[in-house]
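The values are calculated or read from the model by the stated rules, or taken from the named source; none is laboratory data. The structure displayed is predicted, hence computed values, not measured ones. Here Cβ is always computed from backbone atoms with ideal geometry, including for glycine, and neighbour counts include all displayed protein chains. Areas reflect the complete protein model, heavy atoms only, side chains present, ligands, DNA and RNA absent. Shrake-Rupley method; radii C 1.70, N 1.55, O 1.52, S 1.80 Å.
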Amino acid sequence: MPQQKRALATRAAIVRGAAVVFDEHGYSEASLDLVAETAKVTKGALYFHFRSKADLANAVIAEQHSLSRAYADQVSAAAGSGAEALMLSCASLATQLTTEVLVTAGIRLTTQSPSRDLRVEHPYLDWQAQISGLVDRAVAEGDFRADTDVESVARFVVGSYAGVHIVSQALTGRADLFDRLRDMWAFVLPTVVSPGREGLTSSLPPLIRPSDVPPSPDVSSAVPG
């Protein structure tokens, strides 16, 4: 058992070290030597857990998605409505993008990496499914129009969020990310809010603000090998 715990701790250190390197240098410029140095492990230990840079990058992507989905599910469960949960889940991811290197690295890998060896489709499809579920909940609760095209809204929100983040990162280092997300929803909400619920168009966007997120779980157990 002590040996297994050491192996798990080493793996966790490698994943976090890789996140730091990928976040700073991107996939193409990152090297396994630099990951080993950052994680303070030997290259032998690194290769014991990961066969290649692609395997390691996929582990970071998986961890990022695991963290982001767990946080979104937590805030959604505590929200008073589907519409509120949409805002809070967006705020949760934005908070992670300004505080958690595993998340910023994972997002950079899925948005900027040219490698076909990286598994980038599932996080986007799962994120889209999560947004779709919240939009559908808002429709069922009467906050969003009954004729809302749920899947189209989900696709638009995911694509828009990704674009907003990229532009915010390029122009201000994410300093205006929350402002841009509030603006995004201010444009979207009038097209989906039900008649009689127009007040939501002004009351919902301010919910997108920095929020508390739980401590990161142990990546050695959260990320599949």
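Below are the figures for this structure:
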{"quantity": "Percent carbon-and-sulfur accessible area, the chain, ignoring ligands, DNA and RNA, probe 1.4 Å", "calculated": "55"}
{"quantity": "Selected from 109, 134, 34 as most flexible by GNM, with the chain as the system and alpha-carbon contacts under 10 Å", "calculated": "34"}
{"quantity": "Karplus 3J(HN,Hα) series, Hz, for the range 181-194 with 6.51 cos²θ - 1.76 cosθ + 1.60 (x for Gly, Pro)", "calculated": "5, 4, 4, 4, 6, 4, 7, 6, 4, x, 7, 10, 5, 5"}
{"quantity": "Cα-derived Rg to Rh of the range 28-128, Kirkwood definition", "calculated": "1.06"}
{"quantity": "Of 45, 57, 85, the one that fluctuates the most in a GNM where the chain has Cα springs shorter than 10 Å", "calculated": "45"}
{"quantity": "Debye, to nearest 20: dipole size of the range 110-212, +1 on Lys, Arg Cβ, -1 on Asp, Glu Cβ", "calculated": "240"}
{"quantity": "Sequence-distant residues sharing a close amide H with residue 193 (under 5 Å, placed H)", "calculated": "145"}
{"quantity": "Karplus (6.51, -1.76, 1.60) ³J(HN,Hα), θ = phi - 60°, over the range 136-149, in Hz, Gly and Pro reported as x", "calculated": "4, 4, 5, 5, 4, 7, x, 6, 10, 4, 5, 8, 4, 7"}
{"quantity": "Positive-end extreme of charge dipole, the chain - chosen from 186, 206, 167 (charges on Cβ)", "calculated": "167"}
{"quantity": "Length-normalised contact order for the chain - Cα pairs under 8 Å, 6+ apart - percent", "calculated": "25"}
{"quantity": "Rough spin-label spacing in nm, given labels placed 7 Å along Cα→Cβ, for residue 29 and residue 174", "calculated": "1.8"}
{"quantity": "In the range 135-201, the trypsin sites (Lys or Arg not before Pro) that fall in loop regions by DSSP, at most 15 other Cβ within 10 Å", "calculated": "145"}
{"quantity": "For the chain, size of Cβ-based charge dipole, Lys and Arg +1, Asp and Glu -1, in debye", "calculated": "720"}
{"quantity": "Accessible area per residue in Å² at 1.4 Å probe, computed on the chain", "calculated": "48"}
{"quantity": "Inter-label distance for residue 129 and residue 156, nm, one decimal - labels placed 7 Å from Cα along Cα-to-Cβ", "calculated": "2.4"}
{"quantity": "Table column - 3J(HN,Hα) (Hz), the range 74-86, Karplus curve with 6.51, -1.76, 1.60, x for Gly and Pro", "calculated": "5, 6, 5, 5, 8, 6, x, 7, x, 5, 5, 4, 4"}
